[in-house]
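Here is the structure we will look at, set down as structure tokens.
Values quoted throughout were computed directly from the atomic coordinates according to the rules given, and no laboratory measurement underlies them. Given the structure is predicted, the values throughout are model-derived calculations rather than measurements. Neighbour counts run over all protein chains shown; Cβ positions are idealised from the backbone, glycine included.
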Amino acid sequence: MNKIKDKILLLLLGGLALGCASTPGKQRAVFKAVSREWGKINRKELREGIQYLCRYDFINKENKKSFINFNLTKKGKLRAINIQLDNIKNKKEKWDGKWRMVAFDVPEKHKRERDALRHRLRNIGFRELQKSIFVTPVDCEKEMTAFIDFFKFQRYVRFAVLESIDNENFLKIAFKIKN
């Protein structure tokens with residue numbers, strides 16, 4: 001997909017974030033960010049992108065009396081979450097000295113999903129500490145929470161922010177972090 005279509009999906013996902021924001025201040029911040037980004041998209045590219053996303057079932061278009069409502073489909077939401085996860089690899093912010101850990105204990109009956117989770121974590125730059133414990137220095141709580149919620153893995157997956165890990169020097173070398 002191209003950048004405009006990906007941006008449309010992420011902005012629609014941002015609309016979902018607006019509904020999930022817990023305080024009016026957070027809602028205002030999400031609304032401002034989403035509004036600003038919508039304004040940056042060329043109108044012709046926006047129309048073409050929306051047509052494409054509707055045609056390939058990434059979004060639903062619903063005509064109301066005085067407006068048009070767009071909703072992400074399950075396929076669209078998954079694509080938007082995957083775009084967010086892929087962006088974790090590209091984050092270039094300075095390390096805040098904290099590690100992000102994902103630990104999971106997914107039952108054998110969900111082996112395929114467990115293996116997909118493990119593969120996805122490796123793909124986006126996490127390092128494996130143990131068979132089902134992965135870490136990264138990148139702040140990715142929002143992205144991982146969306147991913148875990150989408151697959152309904154809340155029972156099996158834990159996300160933590162850690163101050164230190166006993167083999168931290170090895171991880172700093174692996175992630176090319178300078179002291």
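Worth pointing out:
- Whole-number D in µm²/s for segment 93-174 (Stokes-Einstein; Kirkwood sum over Cα pairs; 25 °C, 0.890 mPa s): 186
- Sorted peptide list for 166-178, 81-93, 2-14, criterion being average Cβ within 10 angstrom, highest first: 2-14, 81-93, 166-178
- Modelled spin labels at K98 and N123, positioned 7 Å past Cα toward Cβ, are 2.7 nm from each other.
- Per-residue Cβ neighbour rank within 10 angstrom, fewest leading, R155, R79: R155, R79
- Footprinting exposure proxy for S66, S35, S164 (fewest neighbouring C-beta atoms within 10 Å first): S66, S164, S35
- Neighbour-count order for F153, F58, fewest beta carbons within 10 angstrom listed first: F153, F58
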